[in-house]
Amino acid sequence: MATTVKKAKAGVKNAYSNMLKKAPAKLEARDSVAPQQLELAGDEQVAVRLPSELVQRMRDAAYYTPGETLTGLVKRGVTAEIDRLERARGEAFPRANAPVRKGRPVRRE
C-alpha cells in the first residue's frame, strides 16, 4: 500500500511539474500596430454571468441552428456590439493598460 501512495504522489508531482512548464497565452506585438498595443495569441476562456432566460435562448438557438455553437453566437454578438460602440464613439477603443475590474460596476448617478 505504501508503494501505491508513493506512485500516486510521484504522478501528482510530475503532472504539476508539466503544468508549470506550459507557458500561458503568449503576447505578441503586431508589425502594423504600435508596440504598446499587444494581441493575445489564440482564444481565451471568459466567465460571465448572464440572465437565465438569455442563456436558455442561446442554448435553444445553438441547438436548433445546424452548425451553430454557443461560442459562435457569443463571438458574433460581442463583436457586433463592440463595433456598434466604436462607430458611436467614432474610433476604436484604445488598449486597456490595466486589467478590467471584476464584480459589480461602480454606480454612477
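Summary table below
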read-out: Charge sum, other residues only, whose C-beta stays under 12 Å from T71's C-beta, Lys/Arg counted +1 and Asp/Glu -1; value: -1
read-out: Net charge of neighbours whose Cβ lies under 13 Å from the Cβ of A80, counting Lys and Arg as +1 and Asp and Glu as -1; value: +1
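Quick note: the coordinates plus some simple rules give every number you see, no bench work behind them. Here the structure is a predicted model, which means the values were calculated and not measured. In this analysis, Cβ positions are derived from the backbone assuming ideal geometry, glycine residues included, and neighbour counts consider all displayed protein chains.
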